[in-house]
Amino acid sequence: MSILIDSSTRIICQGITGKQGTFHCERAMAAGTNIVGGVRNGKGGTRHLGVPVFNSVADAVGATQANATVIFVPPANAADAILEAVDAEVGLIVCVTERIPVLDIVRVKARLESSSSILVGPNSPGIAVPGVGTLGIMPQGIFKPGCVGIVSRASTLTYEAVNQTTRNGLGQSACVGVGADPVVGLSQSECLQQFLQDDETKGIILLGEVGGVSEERAADWLRDQVVKKPVVAYIAGQTVPEGRRMGHAGTIIHYGTGTAESKIRALKNAGVSVVSSPVDLGNTMADLLKHLV
Amino acid sequence: MHIFEYQAKELMRESGIPVPRGLLATTESRAVEAAGELGEGPWVVKAQVHAGGRAQGYFLNDRHVCGVVFAKTALEVGSAARSMLGSVLVTPQTAAQGEQVHSVYIESAVKTPVQLFLAMLVDGESGQIACLASARGGEEIETAVREDPHLLIKTSLGSGEPVLAQSLDFMGSQLGLNDEAKAALGQLINRLHALFIEKDLSLIEINPLGVRENGSVIALDARITADDNALYRQSRLAALGVRSEIGSVERIAAQNGFNFVRLDGDVGTFSSGAGLAMATVDALTHIGARPANFLDIPPVLEVSRVKQAFLLLLSDERVRCLFVNVFGAGIMRCDTIADGLLLAHLEKPITIPVVMRLAGTNAELAASRLERSGLPVELVPDLAAGASRIAELQSNPVESGATSGGWRRLLKSLAGSKGVGAS
C-alpha cells in the first residue's frame, strides 16, 4: 500500500506535448510510471512519447480508464484544465503549473467541494511513490523505496529531505508537495491523515515555511489523533526577516499564526520533533525510528 | 503587486466608492498649488509608499516628521511636502531600510465621528474571499485585536458569486451601526467586492473608513495589492507597477525576477526555490555563520540570468565568501549554475572563496566543468558540509583567487559549454 497512487493507477498528462510535459513525462515513464495517455486539444488521434493523445480529458478517460492526471498547462488555462478533469471525474488531479491567478483557484476550490476529486497543488512539484512512479517535476534518481512519508509546501526543500532519507537508508514511502500557493487543494493535514493510515509509512517529515496557517492546522489535527507516528518538522524562514507588509489584514485574519515561532510552538505541542536546521531532518528521523524498534 | 494610495483611491472613485478629494504632487510648489486647487484647508499631506503605518513612521533625515501630516495653511503643506519628497520613510510595515518617497498626496482633511477598519482578502485557509471589519479603525487595530479578538468581525464572502444580503447585514449589526450606516456599508462592500474580482486583487484595506453623522461612509485611507499572477490579464494595473526599492541591488534583483532580501552578515548565498533558499539561510545562521542575503532565483534555462545573479552577489562589498546551494530539478540544471558562475568570473574575477553544493540534475557535469575551469571552487556533498565549511571560513578567512593558469583553463572549459552559446 502507499498513498494517493499505486501500481494500478492509470495516469494521463494534460499538456503532454508541451516542453515541460514532454520533459517530465519522458523521465517518469523511463522510471516506470504508468502514464497511459495525454491530452492536448487539436492533437487528438496522434501519439506522443508512445502513448495516445486525446482532445479532451473526457475522451482520454473514456479510452484509457485513467484515474489520475498531471497538469502542465500554462497559467491562463490551468484552472480550466483542472475543472475539465473534475468534470471527467478523475480521482486524483496534480497541478504543477505555477503563477495561476489566485481567484481562479478560489473558483476551482468551490467546484471541488461538490466532487470526489482530490486536487494536489497548484504550484506543486507533484507526488512521488518510489517503486511506483512520479506525477510532476520531482527529479528521478534521488528516491529510495522505504518508510518515511514526506509532505511539503516548498518544492526544492522537499528534495533536500528526500536526499537525506535516501542517504541514511530510510527511504520514502511517498513524497507529496501540496503546493506553495496561498490557496491549494489537498492540505498538509489531509496528507498527514493519509500517511497515518498507511502501513508502509513508519515516520513522517513535514516541511513548512513561514506564512499562512497550514502548519498550525496540521499541528492541531495531529494533536487530536489517537494513532501516533514519529513526526519530524522543519519550518523554513526562521531567520529570514519579514519583508514589507501592506496593511494589517494579513496579520489579523488568523491572529497569532503565520510566524515561525507560532508554527514551531503548535507543532511541539502536538508532540512533533521540530529541528532548527534543515540538515538535521534525516538523522532526527533515523533516531526516532531506531527507538521504535 | 502593491499600488500607491492615490492609485487605489482612483480605482475606488471609478467604482463609486466615496473617497476624499485629492491631488498628487512631486514638488513642493506643486503641493502648495494643489492645496489651493482643493479649496480651503485644512489638508492632509500623505507620503506615497507601498506600506502602511505611515503615521507611526519617521523620515531618516528628520525623525520628527511622520508619513501623514495635517496642515492648516498652504505654507504647512509646502513644508511637509519638502520634508517628505526625496526622503526615506521607515514605518513598522516597511523593510528596515525604509522606502524613498517620490510623491505626496494632498487631500482635503475629512473628520468623521466614527472610524472603522475594513478589509477584503483571500483567506488561504478556507480558499474563499474574506471580509474583515472592526469598530476600532486606526493604526492600533493590531494591538486592539490581539487584546480582544472579538473586536474583529470576519465573514466569508464566498468564491466570487454576489455577496449574500445576510452577510452584509451581519457585518453592519456586529459593528453597531444604525440603519443608514448599515445600508451605506453594505453598498460599499458590494462595490469593493466587484472591484476585487474585476481587478484580480489580493487585498483591499480601508483603515480608517469614516462614518459620518448622516450614516454616509468615506474611505480615508486605501491600500490595494493586486495578484501578480493575474497581471497578464490586468494590463492597466500592470502599467502601475513601479518598484520602490531603495538599494540598487534590490532594484536589479527585482528587474531580473530574483527574490532577494538583504541581511546583516557577510556570506553571500545563492539558491533556487524559496523553501531551499530559506533553508540555506537558516542552516548557516544555525551554525553561527552570518548570511549577507537571501537569494532565490527562479528555475531558468538561460545562463545569462544565472550570471547576473552571481554578479549581483559579487557587487556587494560586504560579501567575504559565497555559498551556493542548488538542487537541480525540473528545468533547473546544475550545469547552468556552474556556467553562470564561470561567466560571472570572466566579467568580474572572483577573489573570494566559493563553496558550492550542487545536487540533482547534471550535478556531475557541473562538477567536472568547475574542476576543469581551475576556478578555486570548493564542492561539498551536502548542505550540512557546506554550512560547516562556511562557518570555518568565516572564523578563519583565507585568501583565494584564480591564477592566470586557471584563467586559461576556465576559458577552455567554457568553450566546450553549451550554455555560453545560448546566452
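The values are calculated or read from the model by the stated rules, or taken from the named source; none is laboratory data. Here the structure is a predicted model, which means the values were calculated and not measured. For neighbour counting, all protein chains shown are included, and Cβ atoms are generated from backbone atoms with ideal geometry for every residue, glycine included.
In region A:141-189, which residues are more than 10 Å from chain B (Cβ to nearest Cβ), in a loop (DSSP other than H, G, I, E, B) and either over 19 Å from B:PHE327 (Cα atoms) or of a type in the set (A, V, I, L, M, F, W, C) (or both)?
Here is the first cut: in region A:141-189, the ones more than 10 Å from chain B (Cβ to nearest Cβ) are A:143-151, A:165-166, A:168-176, A:178-179, A:186, A:188-189.
From what is left, the residues that are in a loop (DSSP other than H, G, I, E, B) are A:143-144, A:168-171, A:178-179, A:186.
Matches in region A:141-189: A:PHE143, A:GLY169, A:LEU170, A:VAL178, A:LEU186.
Can you tell me which residues in region B:242-264 are modelled with pLDDT of 85 or more, in a loop (DSSP other than H, G, I, E, B) and touching a strand residue (DSSP E or B) at 6+ places or on another chain (Cβ under 8 Å)?
B:PHE258, B:LEU263, listed by residue number.
Does A:ALA260 meet the test of being modelled with pLDDT under 95, in the same structural domain as A:ASN168 (by TED's automatic domain parsing) and within 20 Å of B:LEU276 (Cβ to Cβ)?
On the way: modelled with pLDDT under 95: yes; in the same structural domain as A:ASN168 (by TED's automatic domain parsing): yes; within 20 Å of B:LEU276 (Cβ to Cβ): yes.
Here the answer is yes, as A:ALA260 does meet what is asked.
Please go through region B:173-196 and give me each residue that is more than 18 Å from B:LYS154 (Cα to Cα) and either surrounded by 18 or more Cβ atoms within 10 Å (Cβ to Cβ) or touching a Pro at 6+ places or on another chain (Cβ under 8 Å) (or both), ordered by number.
B:ALA181, B:ALA184, B:LEU195
Every residue in region B:107-156 that is closer than 30 Å to A:GLY185 by Cα, among the acidic types (Asp, Glu) and surrounded by 20 or more Cβ atoms within 10 Å (Cβ to Cβ), please.
Result: B:ASP123, single match.
Please go through (1) hydrophobic (A, V, I, L, M, F, W, C); (2) over 25 Å from A:VAL279 (Cβ atoms); (3) under 17 Å from the mean Cα position of the chain (by Cα) for A:ALA81 and return the number of the only condition it doesn't satisfy.
The one condition A:ALA81 does not meet is (3).
Which condition from (1) touching a strand residue (DSSP E or B) at 6+ places or on another chain (Cβ under 6 Å); (2) at pLDDT 95 or above; (3) not small (Gly, Ala, Ser) is the one that B:THR361 breaks?
Every listed condition holds for B:THR361 apart from (2).
For region B:300-338, what are the residues that are surrounded by fewer than 20 Cβ atoms within 10 Å (Cβ to Cβ) and within 9 Å of another protein chain (Cβ to nearest Cβ)?
B:ILE331
Working carefully through the options B:ASP200, B:ASP266, find the one that is surrounded by fewer than 24 Cβ atoms within 10 Å (Cβ to Cβ) and either among the aliphatic types (A, V, I, L, M) or under 19 Å from the mean Cα position of the chain (by Cα) (or both). If you could, list the steps in order and put the result at the bottom.
Values: B:ASP266 fails: either among the aliphatic types (A, V, I, L, M) or under 19 Å from the mean Cα position of the chain (by Cα) (or both).
None of the others qualify; the one that does is B:ASP200.
How many residues does region B:96-155 hold that are assigned to a loop (DSSP other than H, G, I, E, B), within 8 Å of chain A (Cβ to nearest Cβ) and over 14 Å from B:LEU175 (Cα atoms)?
Quick first cut of region B:96-155, residues assigned to a loop (DSSP other than H, G, I, E, B) only: B:96-98, B:101-103, B:109-113, B:124-127, B:135-140, B:148, B:152.
Adding the requirement that they be within 8 Å of chain A (Cβ to nearest Cβ) leaves B:96, B:124-125, B:127, B:152.
With over 14 Å from B:LEU175 (Cα atoms) added as a condition, the list becomes B:96, B:124-125, B:127.
Count: 4.
For region A:271-287, give me the residue count where each residue is farther than 13 Å from A:ASN168 by Cα and either over 22 Å from the mean Cα position of the chain (by Cα) or not in a helix (DSSP H, G or I) (or both). Talk me through it step by step, then tell me what you get.
Quick first cut of region A:271-287, residues farther than 13 Å from A:ASN168 by Cα only: A:271-278.
Those still in the list that are either over 22 Å from the mean Cα position of the chain (by Cα) or not in a helix (DSSP H, G or I) (or both) too: A:271-277.
So the answer is 7.
Could you run through region B:42-68 and say how many residues are of a type outside the set (D, E, K, R), touching a residue at least 24 places away in the same chain (Cβ under 8 Å) and closer than 18 Å to B:ARG82 by Cα?
Of all residues in region B:42-68, those of a type outside the set (D, E, K, R) come to B:42-45, B:47-53, B:55-61, B:64-68.
From what's left, touching a residue at least 24 places away in the same chain (Cβ under 8 Å): B:42-45, B:47-53, B:55-61, B:67-68.
From what is left, the residues that are closer than 18 Å to B:ARG82 by Cα are B:42-45, B:47-49, B:55, B:57-61, B:67-68.
So the count comes out to 15.
Considering each residue of region B:192-220, count those that are under 30 Å from B:PRO113 (Cα atoms) and more than 9 Å from every other protein chain (Cβ to nearest Cβ), and give that number.
Count: 18.
Here is a check on your reading of the model: is B:GLY210 over 12 Å from A:GLY247 (Cβ atoms) and either aliphatic (A, V, I, L, M) or not in a strand (DSSP E or B) (or both)?
Numbers: over 12 Å from A:GLY247 (Cβ atoms): yes; either aliphatic (A, V, I, L, M) or not in a strand (DSSP E or B) (or both): no.
No; evaluated as a whole, the condition is false for this residue.
So which pairs qualify, if the first residue must be in region A:276-293 and under 14 Å from A:GLY149 (Cα atoms), the second must be surrounded by fewer than 18 Cβ atoms within 10 Å (Cβ to Cβ), the Cβ gap must be under 6 Å, and the two must be at least 6 apart or on different chains?
Listed by first residue and then by second, the contacts come to A:GLY282/A:ASN168; A:ALA286/A:ASN168.
Does A:SER273 fit the bill of being modelled with pLDDT of 95 or more and assigned by TED's automatic domain parsing to the domain that holds A:VAL178?
yes
Of all residues in region B:281-299, which are in contact with a Lys or Arg (Cβ under 9 Å, 6 or more places away or on another chain) and either surrounded by 23 or more Cβ atoms within 10 Å (Cβ to Cβ) or modelled with pLDDT of 90 or more (or both)?
Correct list: B:LEU284, B:ALA292, B:ASN293, B:PHE294, B:ILE297.
Identify the single condition in (1) away from chain A (no Cβ under 11 Å); (2) in contact (Cβ under 8 Å) with a residue 12 or more places away in the chain; (3) under 21 Å from B:VAL122 (Cα atoms) that B:GLY158 does not satisfy, given that it satisfies every other one.
For B:GLY158, the exception is condition (1).
What number of residues in region B:344-398 are within 14 Å of chain A (Cβ to nearest Cβ), surrounded by 16 or more Cβ atoms within 10 Å (Cβ to Cβ) and part of a loop (DSSP other than H, G, I, E, B)?
Residues flagged as within 14 Å of chain A (Cβ to nearest Cβ), surrounded by 16 or more Cβ atoms within 10 Å (Cβ to Cβ) and part of a loop (DSSP other than H, G, I, E, B) within region B:344-398 amount to 4.
Which is within 11 Å of chain B (Cβ to nearest Cβ) and of a type in the set (Val, Ile, Thr), of A:ILE137, A:ILE127?
Details: A:ILE127 fails: within 11 Å of chain B (Cβ to nearest Cβ).
Being within 11 Å of chain B (Cβ to nearest Cβ) and of a type in the set (Val, Ile, Thr) holds for just one of A:ILE137, A:ILE127, which is A:ILE137.
For region B:265-287, indicate whether the set of residues that are more than 12 Å from chain A (Cβ to nearest Cβ) and assigned to a loop (DSSP other than H, G, I, E, B) is non-empty. Can you show your working first?
Keep residues of region B:265-287 that are more than 12 Å from chain A (Cβ to nearest Cβ), which gives B:266-268, B:270.
Next cut, assigned to a loop (DSSP other than H, G, I, E, B) only: B:266.
Within region B:265-287, one or more residues are more than 12 Å from chain A (Cβ to nearest Cβ) and assigned to a loop (DSSP other than H, G, I, E, B).
Return the residues of region B:1-20 that are touching a Ser or Thr at 6+ places or on another chain (Cβ under 6 Å) and at pLDDT below 95; say none if nothing qualifies. Explain how you work it out, then say what you get.
Within region B:1-20, the subset touching a Ser or Thr at 6+ places or on another chain (Cβ under 6 Å) is B:2, B:20.
B:HIS2 - this is the single residue of region B:1-20 that is touching a Ser or Thr at 6+ places or on another chain (Cβ under 6 Å) and at pLDDT below 95.
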